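Remarks on the structure that follows.
Taken together, the values in this text are just the output of simple stated rules run on the coordinates, not laboratory data. On a predicted model such as this, the values are computed, not experimentally measured, just so you know. Using ideal geometry, Cβ is built from the backbone for each residue, glycine included, and neighbour counts are taken over all protein chains shown.
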Amino acid sequence: MLSFAFIALAALVSTTPASAQNTNFPPGVLATGTQGITNPPQATMGTPINQTSMARLLSVNSIDDFCLFAPPTLQDIADSETFEVAWCTQPRNNARLIPDGTFTGVSFLKTDFYVQVMGYGDLTKLNIPAGDFGGELDPHGALGDGNPVGGNVTSNITGSDQSFAEWMLYIGNNQFCLRVCTNANSTYSAAFMCWHELDEMGCSFVMPGNYNINGTFETCEAEVAYPPGWYPTATVNGTPVFSTFAQRFTGTLAGGSVYTVGDLATPTAPAMIPSSSACTTTATISNGINLAGTSPTSGASGSSGATSNAGGTTKPTATGSGSASNPSSTSGSSSTNSNAAGMNAQIYPMVTLVSVLTGVAAVALFH
Ligand SMILES: *[C@@H]1O[C@H](CO)[C@@H](O)[C@H](O)[C@H]1NC(C)=O
Ligand SMILES: *[C@@H]1O[C@H](CO)[C@@H](O)[C@H](O)[C@H]1NC(C)=O
Ligand SMILES: *[C@@H]1O[C@H](CO)[C@@H](O)[C@H](O)[C@H]1NC(C)=O
Ligand SMILES: *[C@@H]1O[C@H](CO)[C@@H](O)[C@H](O)[C@H]1NC(C)=O
Ligand SMILES: *[C@@H]1O[C@H](CO)[C@@H](O)[C@H](O)[C@H]1NC(C)=O
C-alpha cells in the first residue's frame with residue numbers, strides 16, 4: 001500500500017479544467033461521488049429526531065447549525081472511527097441531535113479557503129468516554145471510503161449547500177476542531193489545506209486559531225492559515241517556497257517489512273496563528289428541544305480501554321506500541337501520547353525541517 005509520489009500541484013491544477021465540474025469551484029474542492037449509503041441524498045433541515053440514527057452527513061453552516069462525527073454507542077474514538085455517526089446541533093440530515101448544554105464554548109471561523117469550528121464541551125454526551133483524548137477523522141481512511149466510511153460533509157458557507165471533498169475533524173471527550181475546505185488555488189489545494197496525516201499534532205497545530213474560547217460563542221472572519229505542516233521559507237520569482245513537516249511514523253507492510261517515514265524533529269508550533277476579526281458573539285447555542293426520553297444509546301461495546309490518542313487509520317499497522325493509531329513520536333518515545341484534541345501540546349525539540357521544497361507545492365505523499 002505504501003508508495004511515494006512527488007506531485008507537482010501546479011501541474012495538476014493546470015491540467016484539470018475547472019469547467020469540468022460545471023461550477024466555479026477549483027478542482028478538488030467539491031465532492032464528486034454520491035453520498036454514503038446511510039445518508040440522505042442531500043443536506044436537509046428539519047428531519048425527525050432519531051437518537052439511534054446511523055446517518056453520516058455533516059453540515060457546517062453556522063455556529064448554531066453544525067454537526068460532528070461521534071460514536072454510535074459509548075466507545076473510544078480510535079475504536080469507532082469507521083462507523084461514527086453524525087450529531088447535529090439542529091434536527092437535520094436524519095442525524096442525531098446534539099443535546100443542548102453540550103458545548104461550553106464554540107468559535108466558528110469563516111476564511112477564504114475553509115470554514116473552521118473549534119469548541120469545548122462535555123462530549124461524553126456524544127458517546128465519547130470520559131478521558132478519551134480522541135482522534136482524527138477525514139474522508140480518506142484505511143479503506144479509502146472515509147473515516148467514518150461513507151461520511152460526508154456539506155456547507156452552505158459559499159452561498160448554497162455544497163458537498164466538499166476535503167475536511168478533517170479532531171474530536172475527544174472535551175474538545176473538537178473541524179475544518180471543511182471550501183476553496184483552493186494553485187498554491188493551496190483543498191487536500192493540502194485539509195491535510196490529514198498529522199494526527200498526533202492536535203487542534204492548535206493543525207487548525208491554528210484562537211483557542212482561548214471556552215465560555216465564548218463567537219462567529220468570526222479569519223486569516224487563512226498555512227496548510228498544516230507548511231512553513232514558508234522564501235519567495236522565488238514571486239512564488240512562495242515552503243518546507244513541510246511530515247509526522248514520524250513506523251509501520252509494517254503486508255509482507256512484514258518495517259518502514260519508517262517522516263521527519264526526525266517535530267515542530268513546536270505552526271508557521272503562524274491566524275488572527276480572527278469581525279467577531280459576533282452569542283450567549284450560547286441552543287435548539288430548545290427536550291431530549292428527555294430519547295437519550296442516546298450507551299454502554300454498549302467494549303472499548304479497548306487504551307488511551308488512544310489519534311486517528312491514524314489511514315496508516316498501516318504500527319509496530320512497537322499496542323496502538324495502530326499511535327505512530328511513534330519524534331521525541332523517540334513510542335508511548336508518548338499527545339492529545340489528539342490538542343489540549344496538552346507535547347514539548348518537542350526545536351524545528352528542523354528536512355524537506356525544503358522548491359516549486360509551487362511538491363510534497364511527499366503516502367497513502
Ligand atoms: C461521500 O464520501 C465518500 C467517501 O469519502 C466520497 O467518495 C464521496 O465522494 C462523498 N460524496 C459526497 C457527495 O460528498
Ligand atoms: C432511526 O435510525 C435507525 C438507524 O438508521 C433506523 O433503523 C430507524 O428506523 C430510525 N428511526 C426512525 C423513527 O426513523
Ligand atoms: C446557511 O445555513 C444557515 C444556518 O442554518 C442559514 O441561517 C443560512 O440562511 C443558510 N445560508 C444559505 C445561503 O443558504
Ligand atoms: C493562494 O491563496 C493564498 C492565500 O490567500 C495566497 O497567499 C497565495 O498567493 C495564492 N496563490 C496564488 C497563486 O494566487
Ligand atoms: C471549559 O469550561 C467548562 C466550564 O467552565 C469547564 O468545565 C471545562 O473544564 C472547560 N474545558 C476545558 C477543556 O478547559
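Which one of Gly119, Asn185, Gln162 has its Cα pushed farthest toward the positive end of the charge dipole of the range 112-228, where Lys and Arg give +1 and Asp and Glu give -1 at the Cβ? With unit charges placed on the Cβ atoms, the residue in question is Gly119. With both labels modelled 7 Å from their Cα along Cα-to-Cβ, the Thr281 to Met45 distance reads 2.6 nm.
Put simply, when 161-171, 266-276 are sorted by average Cβ atoms within 10 angstrom per residue, most first, you get 161-171, 266-276. By the compact-protein rule of thumb, 2.2 N^0.38 Å, the alpha-carbon radius of gyration of the range 128-266 corresponds to a ratio of 1.18. Stokes-Einstein, applied to the Kirkwood radius of the range 53-200 over Cα pairs at a viscosity of 0.890 mPa s and 25 °C, places its translational diffusion at 164 µm² s⁻¹.
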